[in-house]
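The values are calculated or read from the model by the stated rules, or taken from the named source; none is laboratory data. Note that the structure is predicted; figures quoted are calculated from it, not measured. Every residue, glycine as well, gets a Cβ built from its backbone with ideal geometry; the counts of neighbours run over all protein chains shown. These area figures cover heavy atoms from the full protein model, side chains too; ligands, DNA and RNA do not enter into them. Shrake-Rupley method; radii C 1.70, N 1.55, O 1.52, S 1.80 Å.
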Amino acid sequence: MNAEVKDFVTEKVNVLLGAASCCAEAKEAAKNWLDAVGTDSEGEATKNLIAELEEDIMPIDGLIAFAGSEAGAQVFGAETAKNVLAHAEELKASGAKYCDCAACAACEAILEKKDELL
């Protein structure tokens, strides 16, 4: 991976780590990747990071389904769930494939560089 890609991904990994919506598993994979950059274990850490991000990124249809469900109302609160649902529907109408929370946006940006990372 070239320096420009490494710098970009490092920036996005740090955004991911700071995102309140980032799950513990993605944070662990992100920290492990940062620790491995420049070492013999960088390749394996990169594969693990990508696998975790592919598992965790929320497709827009999944967000719509969750925000419109009883479980979504319990997690977000009824009013916030309605707002999240409306926002997700707007995102989908504009062509978005994924949730645009800070964690998912960072995941999407990193995954767009997947071929250059591997």
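Laid out as a table, the results:
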quantity: The stretch 66-84: number of residues that are more than 20 Å from residue 108 (Cβ to Cβ) and in a helix (DSSP H, G or I); calculated: 13
quantity: First in the stretch 59-86 and open to solvent by less than 30 Å² (accessible area, probe 1.4 Å), second anywhere and among the small types (Gly, Ala, Ser) and outside any helix (DSSP H, G or I), Cβ under 7 Å, 6 or more apart; calculated: 60/96
quantity: Pairs with Cβ under 9 Å, 6+ apart, first in the stretch 19-45 and closer than 19 Å to residue 3 by Cβ, second of a type in the set (Ser, Thr, Tyr); calculated: 33/10; 33/46; 34/10; 35/41; 36/46; 37/10; 37/46; 45/39
quantity: Subset tally (residues that are hydroxyl-bearing (Ser, Thr, Tyr) and under 14 Å from residue 57 (Cβ atoms)) for the stretch 68-118; calculated: 1
quantity: Residue check, residue 54 under 18 Å from residue 116 (Cβ atoms), acidic (Asp, Glu) and either touching a Ser or Thr at 6+ places or on another chain (Cβ under 7 Å) or surrounded by 15 or more Cβ atoms within 10 Å (Cβ to Cβ) (or both); calculated: no
quantity: Residues located in the stretch 94-115, provided they are open to solvent by 90 Å² or more (accessible area, probe 1.4 Å) and part of a helix (DSSP H, G or I); calculated: 115
quantity: Candidate set: the stretch 24-62, residues that are among the small types (Gly, Ala, Ser) and within 23 Å of residue 100 (Cβ to Cβ); chosen: the one nearest to the chain's Cα centre (by Cα); calculated: 26
